[in-house]
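Each reported figure results from applying straightforward, stated rules to the coordinates on display, with no laboratory input. Computed from a prediction, not measured in an experiment: that's the story for all the values here. Glycine also receives a Cβ, built like all others from the backbone with ideal geometry; neighbour counts cover every protein chain displayed.
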Amino acid sequence: MPYLLTHFWPGGTEEQYRASIAAVHPPGGLPEGQIYHAAGPTEGGFLIVAVWDSKERSDRFVSDVLMAKMPIEGGFAGQPEGRSAEIANLATA
């Protein structure tokens, strides 16, 4: 079942986002199992939204890749505020 994951990094910047993504995403693509990725600045920080093909792949990426590489030089520091959900409806244009 598709799985939605959001991370909000308080005080985060686009420069920190780009440094972080360069360290944890494969060049020119998405990690295995991630089917959608969007990110941008918002009030008070930086928001990242990812859709995964399963909760298991999302959990594996977060623990084995993202958090394992933290802190990333020039990237986000600390822990993000996260939300997640099993997706009830996934529509595309």
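With a requirement of 2 or more residues that are out of contact with any Pro (no Cβ under 7 Å at 6 or more places or on another chain) and surrounded by 17 or more Cβ atoms within 10 Å (Cβ to Cβ), the strands (runs of 3 or more DSSP E) lying completely within the chain that satisfy it span 3-10, 34-42, 45-52.
How many residues does segment 18-66 hold that are of a type in the set (Ser, Thr, Tyr), within 11 Å of the chain's Cα centre (by Cα) and closer than 26 Å to Ala91 by Cβ? Break it down into steps so the answer makes sense when it comes.
Taking segment 18-66 and keeping what is of a type in the set (Ser, Thr, Tyr), we get 20, 36, 42, 54, 58, 63.
Restricting the remaining residues to those that are within 11 Å of the chain's Cα centre (by Cα) gives 20, 36, 58.
Add one more test, that the residue is closer than 26 Å to Ala91 by Cβ, and what stays is 36, 58.
Adding up the residues that qualify gives 2.
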